[in-house]
Amino acid sequence: MSGQSLMDSLFQRTLEDLIKGLRQQLIGEQAFISKALEEIRKEIKSTDLSTKSTALLKLCYLSNLHFHDMSFAAFHALEVLSSPRFSHKKIAYHAISLSFHDSTPVLLLITNHLRKDLTSTNEFEVSLSLQCLSRIANVDLARDLTPEVFTLLSSNKLYVRKRAVAVVLRVFEKYPDSVRVCFKRLVENLENYDPQILSAVVGVFSELACKDPRSYLPLAPEFYKILVDSKSNWISIKVLKIFAKLAPLEPRLANRVVEPICDLMRKTGAKSLLFECVRTVVTSFSEYESAVRLAVGKIREFMVDEDPNLKYLGLHALSIVASKHLWVVSENKEVVIKSLSDPDPNIKIESLRLVMAMVSEHNVAEISKVLVNYALKSDPLFCNEILGSILSTCSRNVYEIIVDFDWYVSLLGEMSRIPHCQMGEEIENQLVDIGLRVKDVRLELVRVARDLLIDPALLGNSFLHRVLSAAAWVSGEYVEFSRNPLELMEALLQPRTSLLPPSIMAIYIQSAFKVLVFCLHTCFVRGGSTAGVSASASYESFDDLSVENGAGSTVAHGQTCTSAPITNESIVNLLKLVELALSPLLGSHDVEVQERARNLLGFVDLIKLEALNSSGQEENDSEQKGVEATKIIRLVHDAFSKELGPVSLSAQGKVPVPDGLTLNENLGDLETICSDIELPSSNTFSFGYPSEEKDVSSFSNLQIKEDSGQSNESTSLLAEHRKRHGLYYLPSGKSEVISNDYPPANDPALQGDNNDTASDLVKLTAESLVPKRKPNHSKPRPVVVKLDEADEKPVAVKHPESRDDSLSGAVRDILFGSEDILPTSSRSNLPSSNRKGKEKQHMITQVESKENVVGDGNSSSRRKDHSHGKERRHRKKNAEERNETDRKEKESSSNHPRRQKSRQRAEEPLKVPPQTSVIPDFLL
């Protein structure tokens, strides 16, 4: 057997051979790896530890490089770990750190190995075991090895003590009761003068303070001393992170710490430490004006630096301080605006956030106009960042900063025409939401929807399908505001709608249904088959929004628009158009499209007699059928005229769950049921955001190739379609001019020179920060429908006090429990020798008691049972004596009023304020 192991080790391939073989495999790499794994599985079963360790090393390499499972080698790693050779232990600990986790079956077998190496005289073996413990420690390992870690925290070897301090964080996390054993010695290491140990201790406290900073307030004097005396930038950075968490909890501490931080900012030349000082001031010391001004000066130095990393850090710090001090952005607005044109995308995004932070209801229109110009010249990624920022800022708190909704709806329409726009879903949501919430804007909303629908060029852009969906829904839902409903029908039923996804096409058909019902109701029910009826004089519920003025025009919201008459001839042509456009859709493969098409065509068949026989030669039977058709039109019209309102986000949660309905149980096997359903193929249209993994060039082919002349192109394309597909279009009436008081949001004629956008934005931001009176708008802000608490202005979330979990509770018990456990700097009055002796004796007692609980559980339980009887008898006797003494004192005090009064004061409950974090007065 030994000869076979010797032969295996002689002809075994080393890790270098494995790496060379992998580099030579240009084609069959996977086959080579599979063969190597087979060899490793054979070699790792060898009895020779050298062969086993080499196989384990090769397996670690393949696991790191190709992510191969190495769980089968868990027990073999423990075998290699038992080797006395350091080289074997090193390989074994590395493999265990990579492969072991909480559910590893042989994890419990490593406890004794770790305990043996933790008590070794070889500091490198101790270091390996500590490093492994920091990776794989669970509750059992942390509990069993706490005494060894406690001993290593005071090791004479600095290399070992540094690693022991670092592993304490993992031990505290897994086994919070270890805090009662190790925390005091960890605090003692704060007074160590070695920078490596001090760096490790401060790093541990920095992580602990992030979870529950209030528990570590009593250690503020120790941290203050380190901040003042430390010469290491890394240690100072960690201490600053701690004070950034502690200062908001104790105002007196902030008064004491702010000056040393300002001194660091003035003296240090390290950019990392300087930035940490700046971030600490702007986040936790923003109430101190002098410190903030000093930090702002350092921020400006970062922003004007040529290094893009420092420039980004400066902009990021400026965005933090801008929330409380807007004047900071005003002083640095030129640098911020210039950063919008920086080649670094991260810098551009940070500067964009700063610009959006300055937006208010007074300058939102002007700043949005300039930013849209930036979007037109920017790359696709930053273009959509700009558009997304505009959308999110304007819609914040239910459109709080929007006064002129007509302008904003026009802006949404213009943003959707930007070549690289991919914000179709958000624009769709806002168009529908504004239509539901703001009644006064529906006239302009329908006009914008009409401009989007009549543009055939937009139908080929998959990113705008969601916008077209919203435009179609708005046109059908609010058709009474339309200037020409017949033109809407042409746009909804044009041939190029076949390019739309089935879900969008179904919305088109439903909107066409609504427009058709509106036209029929206007012509036959309200008009009584007259020669022509104004399309705007239909819904009586909107008489307050549109006032009839003349035979064929309406005046609404200050806009004059001529209404096209709806005649019997136009109705006949409209019905023919519906039949011609929707008949091919009866065989659609999409069920939704087919059903909606059949519904609309069935309705057309029902009312066709009314449209054809009401021209003047009515007979008795046709009159009777016409009355029936009129009833059908009225019923369907009444169904569509029911106004829809916005739905609260919490509406579904208010619906009571029926008895006996358990959704989790009923839908638990949904994944199994739907496992056979195939995902949509890659050539289908996208219904939402495009995939982020697509290359920018992949969607550029779908964009509009010409950036300018959008409206001219749409008009020419529509005219070309009229010529080519004339049978699909209604007879065109006389040309009408739309009068609109509100200019388009992105009119090229009003944009001016694009090179002046930066200077315009600087001027706008400067004006926005100057206090001025609220301007008198030409129109008052319309009423925006708000719902329940879901639409209320979000209140800053007040985080509750950190939960007293087991770790924080143990820390507080130690720091607030008794005076002899306070930080050593606050106990300077005690003699050092006595203090150290007491501390050592106290910690040894804790460790010994813990070991007794673990090792001598049975004997301790017997001692407790034996002593319980004595304790009960003793307590009973003491209680009887106390009662007798109280009775005698009351009798004697009846003759002494003063004594009785003082006794009453003593018996009153003490009004002690709740215990707060104790910080010595010499610091505060």
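Among ARG41, ARG161, the sequence by solvent-accessible area, most first, with a 1.4 Å probe is ARG41, ARG161. Its Kirkwood hydrodynamic radius, worked out from the mean inverse distance over all distinct Cα pairs, puts segment 358-468 at 14.1 Å.
Which entries of LYS245/LYS267; LYS58/LYS90; LYS225/LYS271; LYS439/LYS631; LYS162/LYS184; LYS116/LYS184 have Cα-Cα distances beyond 18 Å here?
The pairs that break the limit, which is 18 Å between Cα atoms, are LYS245/LYS267; LYS225/LYS271; LYS439/LYS631; LYS116/LYS184.
Take each peptide in 443-449, 235-241, count the other Cβ atoms within 10 Å of every residue, and average; sorted highest first, the result is 443-449, 235-241.
Ranked from highest to lowest mean number of other Cβ atoms within 10 Å per residue, what is the order of the peptides 638-651, 66-79?
Details: 638-651: 12.1, 66-79: 16.4.
Top to bottom by mean Cβ count within 10 Å: 66-79, 638-651.
Residue ranking by accessible heavy-atom surface, 1.4 Å probe, largest first, among ARG135, ARG13 comes out as ARG135, ARG13.
For segment 268-417, the C-alpha radius of gyration divided by 2.2 N^0.38 Å, with N the number of residues, is 1.12. Placing pseudo-labels 7 Å out from each Cα toward the beta carbon at ARG23 and THR47 gives an inter-label distance of 3.8 nm.
Across segment 82-133 the C-alpha pair distances fall into 5 Å bins from zero in the proportions 4, 20, 36, 26, 10, 3, 0 percent. Share of pairwise Cα-Cα distances greater than 15 Å in segment 364-425 is 44 percent (whole percent).
Determine the shape class of segment 13-52: with a ≥ b ≥ c the square roots of the Cα gyration tensor eigenvalues, call it rounded for a/c under 1.5, and otherwise prolate if a/b is greater than b/c, oblate otherwise. Oblate, since a/c reaches 1.5 and b/c is not below a/b.
Cα centroid separation, segment 299-361 to segment 629-658: 48 Å. A cut-off under 12 angstrom between Cβ atoms defines the neighbours of ASN573, and their net charge, with Lys, Arg +1 and Asp, Glu -1, is -2.
For the peptides 250-260, 461-471, what is the packing order when you average, over each peptide's residues, the other Cβ atoms within 10 Å and list the highest mean first?
461-471, 250-260
The base-10 log of I(q)/I(0) for segment 444-500, evaluated at q = 0.15, 0.23, 0.25, 0.30 Å⁻¹, reads -0.36, -0.83, -0.98, -1.34 [Debye formula, identical scatterers on Cα atoms, solvent excluded]. 3J(HN,Hα) along segment 576-583, derived from phi through the Karplus expression 6.51 cos²θ - 1.76 cosθ + 1.60 where θ = phi - 60°, amounts to 5, 5, 4, 5, 5, 7, 9, 4 Hz, with x in place of Gly and Pro.
Taking 0.36 nm per intervening residue step and subtracting the Cα-Cα distance, what contour gain separates LEU644 from ARG781 on full extension?
So the extension gain works out to 47.1 nm.
Tell me whether segment 379-538 comes out rounded, prolate or oblate; compute the Cα gyration tensor, take square roots of the eigenvalues as a ≥ b ≥ c, and use a/c under 1.5 as the rounded threshold. Here segment 379-538 falls in the oblate category. What Kirkwood radius, in Å to one decimal, follows from the Cα pairs of segment 331-392? Result for segment 331-392 stands at 11.6 Å.
Heavy-atom accessible area, probed at 1.4 angstrom with all protein chains present, ranks GLU628, GLU222, GLU43, GLU414 as GLU628, GLU414, GLU43, GLU222, highest first.
Spin-label pair ASP140-ASN122: with each label point 7 Å from Cα along the Cα-Cβ axis, the two points sit 2.7 nm from one another.
Put simply, the amide H of ASP404, placed in the peptide plane, has no neighbours under 5 Å, leaving out anything fewer than 5 places away on its chain. Segment 426-487 and segment 190-228 have their alpha-carbon centroids 60 Å apart.
Using a Förster radius of 25 Å, what is the FRET efficiency between ILE401 and ILE320 based on their Cβ-Cβ separation? Nearest 0.05, please.
0.70
Karplus-derived 3J(HN,Hα) values for segment 640-654, using 6.51 cos²θ - 1.76 cosθ + 1.60 with θ = phi - 60°, are 7, 7, 5, 6, 8, x, x, 10, 5, 5, 9, 5, 5, x, 7 Hz; glycine and proline are entered as x. Ordering MET415, LEU464, GLY476 by the projection of their Cα atoms onto the charge dipole of segment 400-483, which places +1 on the Cβ of Lys and Arg and -1 on the Cβ of Asp and Glu, puts GLY476 at the extreme positive end. Note on segment 32-112: with charges restricted to the Cβ of Lys and Arg (+1) and Asp and Glu (-1), its dipole about the Cα centre is near 220 debye.
The values are calculated or read from the model by the stated rules, or taken from the named source; none is laboratory data. What you see is a predicted model; the values in this text were computed from it and never measured. Positions of Cβ are backbone-derived with ideal geometry, glycine not excepted, and every protein chain shown enters the neighbour counts. Keep in mind that these areas ignore ligands, DNA and RNA; they rest on the heavy atoms of the full protein, side chains included. Shrake-Rupley method; radii C 1.70, N 1.55, O 1.52, S 1.80 Å.
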